[in-house]
Amino acid sequence: MHAYRRNIVITGGSGFIGSHVVRLFVNTYPDYRIINFDKLTYAGNPENLRDVENAPNYVFIQGDICDAAAVNAVFEEYTPDGLIHLAAESHVDRSIEGPEAFIQTNVLGTFTLLEAARKHWKDRTDVCFHHVSTDEVFGSLGDEGFFTESTPYDPQSPYSASKAASDHFVRAYFNTYRIPVVITNCSNNYGPNHFPEKLIPLAITRIQEKQPIPVYGKGENVRDWLYAPDHARAIDLVFHKGKRGESYNVGGFNEWSNIDLICLLCAIMDRKLGREPGESQQLITFVTDRPGHDHRYAIDAGRIKAELGWEPTVTFEEGLERTVDWYLANTAWTDHVRDGSYRDYIRRQYKEE
């Protein structure tokens with residue numbers, strides 16, 4: 001049996017951001033065994049990791065982070081010295097419609113993982129619990145200013161409230177039990193493998209099909225966009241080199257209003273699909289704004305740059321081009337998600353009931 005230098009558990013590794021992190025770690029650290037622990041909810045898709053699923057240093061375990069017995073079994077079998085926690089319910093609209101699942105997964109699931117770490121790691125200092133969170137815990141900004149690591153928490157949706165609670169539990173376990181932790185709070189991610197309910201992949205699909213592109217309100221809400229592979233690099237750096245007990249904001253230095261983003265995306269799609277300039281922009285349809293919709297998020301990622309040397313490598317224009325190219329080249333992936341057939345693959349592979 002191969003002896004690996006480290007065993008790293010990544011929760012939610014079959015999801016959007018998680019799959020980019022798993023891929024990066026599997027390919028970058030052949031002497032690490034990467035254990036992907038994922039419940040495979042609607043957003044967990046093993047097709048995201050087809051390119052690494054047969055790697056010798058990759059292990060997949062289907063399991064629920066709220067299931068203490070399953071979590072403890074992973075700790076007992078693999079004795080991990082690192083855990084990168086990405087498993088979460090993450091869609092704001094879904095949290096408004098049904099908040100309970102967000103409390104279960106994001107709060108109780110994080111607590112279950114922390115308890116397992118406390119039980120198995122005891123007083124070890126050569127371990128790390130890396131909790132991946134969101135800038136939405138800070139609430140909404142006006143037209144100026146940026147979120148920093150010391151910005152007071154002010155969550156506005158059930159989703160952001162559940163992530164804020166989990167952040168507080170992670171810090172409490174560091175302060176109370178001295179479990180070595182780091183937290184990263186990131187801005188909006190985009191890139192390949194993004195579930196089609198999210199703004200950018202939804203718009204790409206709607207443009208392809210010449211269907212209305214829904215935009216909340218007047219499209220004036222502003223977000224800072226981060227290319228998912230750049231985010232994965234930041235997680236890698238913070239996990240290995242971040243100061244324990246601290247948090248790091250990860251942003252793209254890249255603010256766009258929703259309407260400007262969609263117009264840019266329409267222009268890219270028109271060019272790539274051979275349509276007349278401005279044709280896809282006619283599909284934009286303004287819809288009633290969602291409750292508690294934060295006006296603006298913008299991250300000051302100066303700390304992670306100053307301390308760890310991280311900054312985005314991909315401009316938004318370049319990242320959006322790459323993202324569009326990926327979706328146009330991977331229509332089968334989108335089709336499998338939209339028609340639910342990716343669940344058939346899960347059932348075949350993991351004998352899901």
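Filtering region 329-349 down to residues that are of a type in the set (Phe, Trp, Tyr) and under 21 Å from the mean Cα position of the chain (by Cα), which residue is modelled with the lowest pLDDT? Step through it out loud before you land on a result.
Filtering region 329-349 down to residues of a type in the set (Phe, Trp, Tyr) leaves 333, 342, 345.
Still in the running and under 21 Å from the mean Cα position of the chain (by Cα): 333, 342.
Values: 333: 88, 342: 72.
Filtering first and then ranking leaves 342.
Considering only residues of region 1-33 that are crowded, with 24+ Cβ neighbours inside 10 Å and among the polar types (S, T, N, Q), which is nearest to residue 117 (Cα to Cα)?
The qualifying residue nearest to residue 117 (Cα to Cα) is 11.
If a residue has to be part of a helix (DSSP H, G or I) and either on the phi > 0 side of the Ramachandran plot or among the aromatic types (Phe, Trp, Tyr) (or both) to count, how many in region 56-78 make the cut?
Start the filter on region 56-78 by keeping residues that are part of a helix (DSSP H, G or I), which leaves 68-78.
Next, from what is left, pick out any that are either on the phi > 0 side of the Ramachandran plot or among the aromatic types (Phe, Trp, Tyr) (or both): 75, 78.
Number of matching residues: 2.
Conditions (1) at pLDDT 95 or above; (2) more than 23 Å from the chain's Cα centre (by Cα); (3) over 19 Å from residue 317 (Cβ atoms), marked per residue:
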site	(1), (2), (3)
218	no, yes, yes
234	yes, no, yes
249	yes, no, yes
255	no, no, no
265	yes, no, no
268	yes, yes, no
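Which of the residues belonging to region 141-161 are touching a Gly at 6+ places or on another chain (Cβ under 9 Å), surrounded by fewer than 22 Cβ atoms within 10 Å (Cβ to Cβ) and among the small types (Gly, Ala, Ser)?
Correct list: 157 only.
Which one of these is part of a loop (DSSP other than H, G, I, E, B) and touching a Ser or Thr at 6+ places or on another chain (Cβ under 6 Å): 53, 89? Explain how you work it out, then say what you get.
Details: 53 fails: touching a Ser or Thr at 6+ places or on another chain (Cβ under 6 Å).
Only one candidate passes the filter, namely 89.
Filter region 26-45 down to the residues that are within 25 Å of residue 330 (Cα to Cα) and in contact with a Phe, Trp or Tyr (Cβ under 6 Å, 6 or more places away or on another chain) and list them by number.
26, 36, 43, 45
Do we have any residue at all in region 303-318 that's of a type in the set (Asp, Glu), surrounded by fewer than 15 Cβ atoms within 10 Å (Cβ to Cβ), within 19 Å of residue 199 (Cα to Cα) and free of Cβ contacts under 8 Å to residues at least 24 places away in the same chain? Steps first, please.
Kept after step one, since they are of a type in the set (Asp, Glu), are these residues of region 303-318: 307, 311, 317-318.
Within this subset, residues satisfying the condition of being surrounded by fewer than 15 Cβ atoms within 10 Å (Cβ to Cβ) are 317-318.
Pick out the ones that are also within 19 Å of residue 199 (Cα to Cα) and you get 317-318.
When the remaining residues are screened for being free of Cβ contacts under 8 Å to residues at least 24 places away in the same chain, the result is 318.
The answer is yes, given that some residue of region 303-318 is of a type in the set (Asp, Glu), surrounded by fewer than 15 Cβ atoms within 10 Å (Cβ to Cβ), within 19 Å of residue 199 (Cα to Cα) and free of Cβ contacts under 8 Å to residues at least 24 places away in the same chain.
All but one of (1) touching a residue at least 60 places away in the same chain (Cβ under 8 Å); (2) in contact with a Gly (Cβ under 8 Å, 6 or more places away or on another chain); (3) under 30 Å from residue 326 (Cα atoms) hold for residue 96; which doesn't?
(3)
Return the total of residues in region 129-143 being among the acidic types (Asp, Glu) and at pLDDT 85 or above. I'd like the intermediate steps shown before the answer.
Step one: of region 129-143, the residues among the acidic types (Asp, Glu) are 135-136, 143.
Restricting the remaining residues to those that are at pLDDT 85 or above gives 135-136.
The total comes to 2.
Looking only at region 187-207, filter to residues that are out of contact with any Asp or Glu (no Cβ under 9 Å at 6 or more places or on another chain) and of a type in the set (D, E, K, R); which one of those is modelled with the lowest pLDDT?
Going through the qualifying residues, I end up with 198.
Mind checking which residues of region 72-90 are surrounded by fewer than 16 Cβ atoms within 10 Å (Cβ to Cβ) and not small (Gly, Ala, Ser)? I'd like the intermediate steps shown before the answer.
Here is the first cut: in region 72-90, the residues surrounded by fewer than 16 Cβ atoms within 10 Å (Cβ to Cβ) are 72-73, 76-77, 79.
Hits for region 72-90 are 72, 76, 77, 79.
Of all residues in region 200-219, how many are surrounded by 15 or more Cβ atoms within 10 Å (Cβ to Cβ) and polar (S, T, N, Q)? Break it down into steps so the answer makes sense when it comes.
Narrowing region 200-219 to residues surrounded by 15 or more Cβ atoms within 10 Å (Cβ to Cβ): 200-208, 213-217, 219.
Going one step further and asking which of them are polar (S, T, N, Q), we end up with 205, 208.
Number satisfying all stated conditions: 2.
Determine which member of the set 69, 43 is surrounded by fewer than 18 Cβ atoms within 10 Å (Cβ to Cβ), farther than 19 Å from residue 239 by Cα and of a type outside the set (Lys, Arg). Even if it seems obvious, please write down each step before you answer.
Values: 43 fails: surrounded by fewer than 18 Cβ atoms within 10 Å (Cβ to Cβ).
When all the criteria are applied, what remains is 69.
So, in region 199-252, how many residues would count as being part of a helix (DSSP H, G or I) and hydrophobic (A, V, I, L, M, F, W, C)? Before the answer, list the steps.
Here is the first cut: in region 199-252, the ones part of a helix (DSSP H, G or I) are 199-208, 228-241.
Next cut, hydrophobic (A, V, I, L, M, F, W, C) only: 199-200, 202-204, 207, 228, 232, 234-235, 237-239.
Selection size over region 199-252: 13.
Give the residues of region 66-104 that are at pLDDT 95 or above and under 16 Å from the mean Cα position of the chain (by Cα), sorted by residue number.
Within region 66-104, 83, 84, 85, 86, 87 qualify.
Just a yes or no: is a residue in region 291-302 farther than 30 Å from residue 95 by Cα and either in a helix (DSSP H, G or I) or more than 23 Å from the chain's Cα centre (by Cα) (or both)? Outline the logic, then answer.
First pass over region 291-302, keeping only residues farther than 30 Å from residue 95 by Cα: 302.
If we keep only those that are either in a helix (DSSP H, G or I) or more than 23 Å from the chain's Cα centre (by Cα) (or both) as well, we get 302.
Scanning region 291-302, I find at least one residue that is farther than 30 Å from residue 95 by Cα and either in a helix (DSSP H, G or I) or more than 23 Å from the chain's Cα centre (by Cα) (or both), so the answer is yes.
The values are calculated or read from the model by the stated rules, or taken from the named source; none is laboratory data. Please read all numbers here as calculations on a predicted model, not as lab measurements. Cβ atoms come from the backbone with ideal geometry, glycine included; neighbour counts cover every protein chain shown.
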